[in-house]
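Here the structure is laid out as C-alpha cells; the discussion comes afterwards.
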Amino acid sequence: MTSGEPGARWRLVLDANVLLQAPLRDFILRLAEADLVAVFWSESILAEVERNFARVSGGENARGRYLRLHAALQRSFPLALVGEHQQLTSTLPIALHDRHVLACALVAPAEKIVTHNTRHFLHQLLARYNKRARHPDDVLREVIHDHPATVQGILVAQGAALHPPRTLAQMLDRLAQDVPQFASQARLAFDR
C-alpha cells in the first residue's frame, strides 16, 4: 500500500471529519491504493481525529482503536504524512482552527482539501493559493466519472473484507449516509 502518489490524478488533503468516518475513509484510502488519488494529512489533522474519535466511533476502547488506526495509516501510507510549518500556519488568512489544514495542502502540495465543512474554506481565500475545498461527494463523483469499473471493483473488495461481508448494494447504502450523490451516481453507473 502507498499514498497513491505516483499515478494519481488528484492530490487530496483529507480533513479530520473525513478521516473520522470509517466507511468513507476506507473507501478513499482504497482509491489511493489504486493510484486514483494521492492522500495527505498532518499530525495536527490526526490529533483532531484523535480528539473526536470516541465521540464519533463510540467510547469503548476508543484509545486502542485510534492507536491501531494511526499505526495502520503510518504503515500503509508513509508518504501521506506532511510535515507542518508553524510559521506558515500563523500567516494564513482563514479561521485559526482550520489553518493547519490549508498549511498541509500547501506543503503537500495538494490542490484539494476534502472536507464536510467546505464553508470554513472560502473559495476566494483559497484561490490565491490555487487550492479548493471540496465535499467528498463532489470528489468521489469526479473519480467515478473517470474510473467506474475500478471504483466498482474497489467497493466490491471493500464489502468482501468486512465482517460480515457486505454486498455492493449494502456498501452503497452505507456510503449514501456520507456521500449520497456519489452513491446515486454509482448505482446508475453500475446498472449499465
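At a 10 angstrom cut-off on C-beta neighbours, averaged per residue, how do the peptides 116-124, 176-184 rank from highest to lowest? Can you show the working numbers first?
On the way: 116-124: 14.2, 176-184: 17.6.
Sorting 116-124, 176-184 by mean packing, highest first, produces 176-184, 116-124.
Kindly put Trp10, Trp41 in sequence by how many other C-beta atoms sit within 10 Å of each C-beta, fewest to most.
Fewest-to-most ranking of Trp10, Trp41: Trp10, Trp41.
Would you mind working out the magnitude of the charge dipole of segment 140-190 relative to its Cα centre, with +1 at each Lys and Arg C-beta and -1 at each Asp and Glu C-beta, to the nearest 20 Debye?
In debye, rounded to 20, segment 140-190 gives about 140.
Which ordering of Ser42, Ser57, Ser90 is given by a fewest-first count of other beta-carbon atoms within 10 Å?
Taking fewest neighbouring Cβ atoms as first place, the list is Ser90, Ser57, Ser42.
Distance from a point 7 Å along Cα→Cβ of Leu96 to each backbone N in segment 22-53: keep the residues under 12 Å and list them by number.
Within reach of a label on Leu96, which here means backbone N under 12 Å from a point 7 Å along Cα→Cβ, segment 22-53 contributes nothing.
Given +1 on the Cβ of Lys and Arg, -1 on the Cβ of Asp and Glu, and no further charges, what dipole in debye does segment 10-136 carry about its Cα centre, rounded to the nearest 20?
Charge dipole of segment 10-136: 200 debye, to the nearest 20.
Hey, what did the chain get for relative contact order, percent, Cα under 8 Å, at least 6 apart?
21
Distance between Cα centroids, segment 135-161 to segment 9-75: provide it in whole Å.
Between the Cα centre of segment 135-161 and that of segment 9-75, the gap is 17 Å.
For segment 140-190, what class follows from the C-alpha gyration tensor (a ≥ b ≥ c being the square roots of its eigenvalues): rounded when a/c is under 1.5, otherwise prolate if a/b is larger than b/c, else oblate?
Oblate, since a/c reaches 1.5 and b/c is not below a/b.
Which ³J(HN,Hα) values in Hz, rounded to whole numbers, follow from the phi angles of segment 86-99 under the Karplus curve 6.51 cos²θ - 1.76 cosθ + 1.60, where θ = phi - 60° and Gly and Pro get x?
Once rounded to whole Hz, the list reads 4, 4, 5, 4, 5, 9, 6, x, 10, 3, 3, 6, 10, 4.
Could you tell me which of rounded, prolate or oblate describes segment 100-163, using a ≥ b ≥ c as the square roots of the eigenvalues of the alpha-carbon gyration tensor, with rounded for a/c under 1.5 and, failing that, prolate when a/b is larger than b/c and oblate otherwise?
Values: a/c = 2.60, a/b = 2.25, b/c = 1.15.
It is prolate, given that a/c is not under 1.5 and a/b is the larger ratio.
Which one of Phe40, Gln74, Val13 has its Cα pushed farthest toward the positive end of the charge dipole of segment 1-94, where Lys and Arg give +1 and Asp and Glu give -1 at the Cβ?
Value: Gln74.
Here, each number is a calculation from the coordinates, and none is a lab measurement. All values reported here derive from a predicted model rather than from experimental measurement. When we count neighbours, we look across all protein chains shown, and the Cβ atoms used for this are built from the backbone with ideal geometry, even at glycine.
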